[in-house]
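Visitor: Structure incoming, see below.
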Amino acid sequence: MLSIAQVTTGDSVMDILIRKTFENFKSFFTFKKADEEEASYLPSFLREEYIELDTETENGLFVCNMHIPEEILLHILSFVDPKVLLRYSIVCKKWNLLIKSFPLWSIIYRRKFQRKPKKLPWYIFYCRFSTEYFDINLLKNGSGQDSFNNWALRENGGDKFIIEDPPDGADPLNVEEPEFENKTSCFVTSYSNCKKIQVVKFGQSKLFRYILSNYKPHMYLSEWTCGRFDCGSLYRLRCSYLGIIPDVTIAKPSAGQTVKQWEGRKWNKIEILITQYPEGIEGILFEHEGRDTQFWTGHYGSKMAGGMVKLLFDSIDPLPLNNLGQKQPKRFTKTEYITNGENLDNYFMDIIDIERIRPVCIFPPPIRNIREAFD
């Protein structure tokens, strides 16, 4: 019989439950053969109808002839590291059903964020808690603290890009802002256009790619920028997509800032929230550029620091249903985004991208089983 102390400590009780359950039950759940003729956007390993589960079974709820209520077992399982939790789904059919359920992941989410989760499939929560794809800054060296590492220079006009620490002719960075990571440096442009890019690759997990293509979590880009107190400047932040079909041209979300002379020393945060983008993308190209407007020799152009790229988990919504009650994945028609910046495309020497409203990738690559999804 389990003691109260064992029930309240996650790891020890897991060892006992798994050992006892394996001793008493030898049968595991089996997958039904998928109907190859049925067309569905959902990979077979995620289709509930392909998993043979006896919802009435009590297997897994008895340990040492003692019945453990589902609520207690869910509470115990919620303390297991989410990265290894899925391994325990092969203990028995009942555990498989509980681990792949919304109630369990709802408990984990509530404990982490102290709020009620949306009613999403269990595997979306699993991806959130077992990977580092969501809600973290994917951009490297955003303030020049590591010189120009991770960046590629596309244009380096005038007296070229430099790094200032602290900023010259402008307010110091507010190191309390999390984007700056307690750094006080920034990139600075000159009198002719200075532009650099960074490749930001997304996760390689097939499950993550499936979520990205079908549920479209919002992409958030931001960067702090300013000019000098004595010179006007221009700044633009933009991004493009990696991994889409080469012959398809997609509009690039962009935002900018114009700084007038004598008004430029204050730092402002330029933000872009992308809510609709093509299926099958593998990452983005983070681009920023700037110059001064007086054409003064030296480094009087726009400054930038604290760049950020995030995928926002809480932007994921349940998929809508069609008239037949089937879930409808989000499909790309055109780029949609929200920004607090100005449209400065006419101020920079770029060909304006034309957007063709057409599908880029009809469906993500097929996934046949759960192990393939986590390769």
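The values are calculated or read from the model by the stated rules, or taken from the named source; none is laboratory data. Every value quoted in this text rests on a predicted model; they were computed, and no experiment measured them. Here the Cβ positions follow ideal geometry from the backbone for every residue, glycine too, while neighbour counts run over all protein chains shown. These area figures cover heavy atoms from the full protein model, side chains too; ligands, DNA and RNA do not enter into them. Shrake-Rupley method; radii C 1.70, N 1.55, O 1.52, S 1.80 Å.
Visitor: Restricting to the range 331-345, name every residue that is closer than 13 Å to Ile274 by Cβ and part of a loop (DSSP other than H, G, I, E, B).
Guide: Looking only at the range 331-345, we keep the residues that are closer than 13 Å to Ile274 by Cβ, and these are 332, 334-339.
Residues satisfying the conditions are Phe332, Lys334, Thr335.
Visitor: Right, another one. Determine if the range 124-141 includes at least one residue that is open to solvent by 30 Å² or more (accessible area, probe 1.4 Å), at pLDDT 90 or above and more than 18 Å from the chain's Cα centre (by Cα).
Guide: Scanning the range 124-141 turns up no residue that is open to solvent by 30 Å² or more (accessible area, probe 1.4 Å), at pLDDT 90 or above and more than 18 Å from the chain's Cα centre (by Cα).
Visitor: Of the residues that make up the range 170-177, is at least one assigned by the TED database to the domain that holds Pro253 and within 23 Å of the chain's Cα centre (by Cα)?
Guide: Yes; the residues of the range 170-177 include at least one that is assigned by the TED database to the domain that holds Pro253 and within 23 Å of the chain's Cα centre (by Cα).
Visitor: Going by the structure shown, is Thr339 at pLDDT below 95, touching a strand residue (DSSP E or B) at 6+ places or on another chain (Cβ under 9 Å) and not small (Gly, Ala, Ser)?
Guide: The answer is no for Thr339.
Visitor: Shifting gears a bit: Looking for whichever is in contact with a Phe, Trp or Tyr (Cβ under 6 Å, 6 or more places away or on another chain) and either buried (at least 22 other Cβ atoms within 10 Å of the Cβ) or among the aliphatic types (A, V, I, L, M) (or both) here; the options are Gly283, Gly290. Which one fits? Can you show your working first?
Guide: On the way: Gly283 fails: either buried (at least 22 other Cβ atoms within 10 Å of the Cβ) or among the aliphatic types (A, V, I, L, M) (or both).
Exactly one of Gly283, Gly290 is in contact with a Phe, Trp or Tyr (Cβ under 6 Å, 6 or more places away or on another chain) and either buried (at least 22 other Cβ atoms within 10 Å of the Cβ) or among the aliphatic types (A, V, I, L, M) (or both), namely Gly290.
Visitor: Right, here's the next one. Condition first: open to solvent by 10 Å² or more (accessible area, probe 1.4 Å), closer than 30 Å to Phe125 by Cα and modelled with pLDDT of 95 or more. Now tell me which residues in the range 180-218 satisfy that.
Guide: Val199, His218
Visitor: Inside the range 104-119, can you point out the residues that are touching a residue at least 24 places away in the same chain (Cβ under 8 Å) and out of contact with any Leu (no Cβ under 9 Å at 6 or more places or on another chain)?
Guide: Once the filter is applied, which keeps residues that are touching a residue at least 24 places away in the same chain (Cβ under 8 Å) and out of contact with any Leu (no Cβ under 9 Å at 6 or more places or on another chain), the range 104-119 yields Arg111, Lys118, Lys119.
Visitor: On to the next question. Hey, among the residues in the range 261-279 that are touching a Gly at 6+ places or on another chain (Cβ under 6 Å) and not in a strand (DSSP E or B), which one's surrounded by the most Cβ atoms within 10 Å (Cβ to Cβ)?
Guide: Gly264
Visitor: Which residue pairs have Cβ atoms closer than 9 Å, lie 6 or more positions apart in sequence or on different chains, and pair a first residue in the range 129-142 that is more than 21 Å from Phe180 (Cβ to Cβ) with a second residue that is open to solvent by 30 Å² or more (accessible area, probe 1.4 Å) and among the aromatic types (Phe, Trp, Tyr)?
Guide: Sorted first by the residue in the range 129-142, then by its partner, the pairs are Ser130/Phe374.
Visitor: Can you give me the number of residues within the range 167-199 that are among the acidic types (Asp, Glu) and in contact with a helix residue (DSSP H, G or I) (Cβ under 8 Å, 6 or more places away or on another chain)?
Guide: 0
Visitor: Identify all residues within the range 178-196 that are within 19 Å of Asp168 (Cβ to Cβ) and part of a helix (DSSP H, G or I); write none if there are none.
Guide: Across the range 178-196, the qualifying residue is only Phe180.
Visitor: Also: Determine if the range 310-328 includes at least one residue that is within 17 Å of Met219 (Cβ to Cβ), modelled with pLDDT of 95 or more, in contact with a strand residue (DSSP E or B) (Cβ under 8 Å, 6 or more places away or on another chain) and among the charged types (D, E, K, R).
Guide: Yes, there is a match, as at least one residue in the range 310-328 is within 17 Å of Met219 (Cβ to Cβ), modelled with pLDDT of 95 or more, in contact with a strand residue (DSSP E or B) (Cβ under 8 Å, 6 or more places away or on another chain) and among the charged types (D, E, K, R).
Visitor: Quick one: in the range 219-251, which of the residues that are in a loop (DSSP other than H, G, I, E, B) and at pLDDT 90 or above is nearest to the chain's Cα centre (by Cα)?
Guide: Applying the first criterion (in a loop (DSSP other than H, G, I, E, B)) to the range 219-251 yields 227, 229-230, 232, 243-251.
With the extra rule that they be at pLDDT 90 or above, the set shrinks to 227, 229-230, 232.
On the way: Gly227: 31, Phe229: 37, Asp230: 39, Gly232: 35 Å.
For the range 219-251, the residue satisfying everything is Gly227.
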